[in-house]
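Report on the structure given below.
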Amino acid sequence: MIKMRLLKALLFCPLLFLATGLLAQTKNVTGKITDEKGTAIPGATVQIKGTSTGTVSNTDGVFSLSAPSSAILVVSFIGYASQEVNVAGKTEINVSLVPENTTLTDVVVVGYGIARKKDLTGAVASLKAKDFNKGITNAPDQLIQGKVAGLMVVNNNGAPGAATTVRIRGIASVRSGNQPLYVIDGVPLDGRVARPNLDANGLGRTPDANPLNFVNAADIASMEVLKDASATAIYGSRGSNGVIIIKTRRAKTGKPEFNFSTYMGIAQKPKLVETVIGAEERRMKREVMELYNQSIDNESLPMMLTDSLNPAFNNATDWQGMFYKTGILNNYDLAVAGATDAIHYRLSLGHYKEDGIVKNTGFKRYSVLGTVGAKVTPWLTNLTRFRYSRTDRPRNINERTGSFFAFSTYTMPSLFMH
């Protein structure tokens with residue numbers, strides 16, 4: 001019996017020493033959470049790093065937590081940067097949280113200046129250059145296509161430089177236009193194309209074009225979309241369909257920068273329909289006419305169908321090949337920029353050329369944008385910006401007749417298809 005009691009005592013002693021050691025490795029840590037001004041922060045989270053053990057501060061910002069001696073506490077609160085504190089050798093910890101610079105501090109360009117996102121009351125969407133669509137674009141509105149809720153950008157046709165339909169929150173007018181107001185570097189545009197709309201014989205009619213064709217997409221730094229009446233009120237009735245504000249790039253303080261970019265692309269012509277041409281076409285037309293016409297009707301057929309000996313009537317003209325081709329696109333952008341604390345400058349040159357898949361269609365743009373700014377005095381800043389842009393776009397497919405020759409693969413002169 002005595003041996004049994006001694007055995008139990010020997011087994012219990014190690015367990016007692018182990019429990020005492022564990023208790024010695026944990027301690028009670030207290031403290032207070034405040035902001036940068038010393039005001040208590042209630043509801044701040046205090047958690048042992050790597051575990052789910054934690055607590056929150058009370059209304060006075062005070063917390064109490066049992067933690068291991070070598071633990072690291074993570075203190076966090078919404079809107080403030082998280083902090084990590086090592087409790088080694090400490091039983092009382094006071095933490096001062098610093099506000100975190102989040103996207104709420106980003107500035108947004110509005111009609112009457114700039115404002116922080118958290119201060120805005122209207123519906124505004126802001127996109128920086130890193131948020132734009134990637135790939136080939138010939139107009140700025142394609143950069144934000146599908147990027148903004150409530151904004152619809154649709155290409156009216158596939159011709160290079162053609163007009164686009166832009167709608168912000170649907171159709172706002174029945175009789176007036178529904179295009180939004182564009183504002184580029186503080187200058188409102190009226191939405192019209194800077195080309196004469198002539199309809200005289202021999203001149204041809206100018207088709208609708210994108211009013212932003214003169215802007216080089218590589219020069220754009222950000223775009224703001226003002227959607228509701230609160231955001232567009234400064235522009236009055238012109239902003240009733242929404243406002244799109246475009247801000248171009250400026251130089252960043254530092255060493256001068258030299259940037260050159262280029263890309264090219266190919267537009268393939270559509271799949272052509274196999275047709276019957278030449279002597280075989282004439283023969284098949286004769287067979288159809290003899291099948292459905294009266295005998296008297298066949299006596300007055302045109303010579304093109306009856307004179308098989310004339311070589312001029314047996315030529316095999318590839319009508320589809322006369323209109324379609326493979327389109328080639330080239331773009332070149334060159335920019336030089338530099339800035340100091342007193343002056344900044346940027347000069348950009350751009351050349352864009354796109355050939356359409358239909359002959360005599362295409363779009364060219366030559367653009368120059370220069371910006372020079374200087375801080376004259378602490379309260380006076382001078383900014384000079386100059387822009388030159390030229391766009392070339394054929395008026396229509398048949399300029400000599402002054403009419404738009406609309407056609408498709410199925411309406412070529414030869415209608416006999418395999």
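The values are calculated or read from the model by the stated rules, or taken from the named source; none is laboratory data. From a predicted model like this one, the values you see are computed outputs, not experimental measurements. Cβ atoms come from the backbone with ideal geometry, glycine included; neighbour counts cover every protein chain shown.
Within region 35-80, the set of residues being within 11 Å of Ser96 (Cβ to Cβ), surrounded by fewer than 17 Cβ atoms within 10 Å (Cβ to Cβ) and among the hydroxyl-bearing types (Ser, Thr, Tyr) comprises Thr39 only.
Selection over region 343-386 of residues that are in contact with a Ser or Thr (Cβ under 9 Å, 6 or more places away or on another chain), of a type in the set (Gly, Ala, Ser) and surrounded by 15 or more Cβ atoms within 10 Å (Cβ to Cβ) gives a count of 5. In region 29-55, the residue that is farthest from Gln83 (Cα to Cα) out of those that are touching a Leu at 6+ places or on another chain (Cβ under 7 Å) and touching a residue at least 60 places away in the same chain (Cβ under 8 Å) is Val29. From the list Lys130, Lys118, the one residue that fits, being surrounded by fewer than 17 Cβ atoms within 10 Å (Cβ to Cβ), modelled with pLDDT under 85, not aliphatic (A, V, I, L, M) and not in a loop (DSSP other than H, G, I, E, B), is Lys118.
The number of residues in region 257-276 being more than 20 Å from the chain's Cα centre (by Cα), at pLDDT 85 or above, surrounded by 11 or more Cβ atoms within 10 Å (Cβ to Cβ) and not aliphatic (A, V, I, L, M) comes to 2. Considered as a group, the residues in region 236-274 that are charged (D, E, K, R) and part of a loop (DSSP other than H, G, I, E, B) include one that is farthest from Thr371 (Cα to Cα), and that residue is Glu274. Number of residues in region 383-403 that are modelled with pLDDT under 75 and either aliphatic (A, V, I, L, M) or in contact with a Leu (Cβ under 9 Å, 6 or more places away or on another chain) (or both) equals 4. Among the residues of region 135-172, just one is part of a strand (DSSP E or B), aliphatic (A, V, I, L, M) and modelled with pLDDT under 85, namely Ala162. Does Asn382 satisfy the condition of being part of a strand (DSSP E or B) and farther than 26 Å from Phe260 by Cα? The answer is yes for Asn382.
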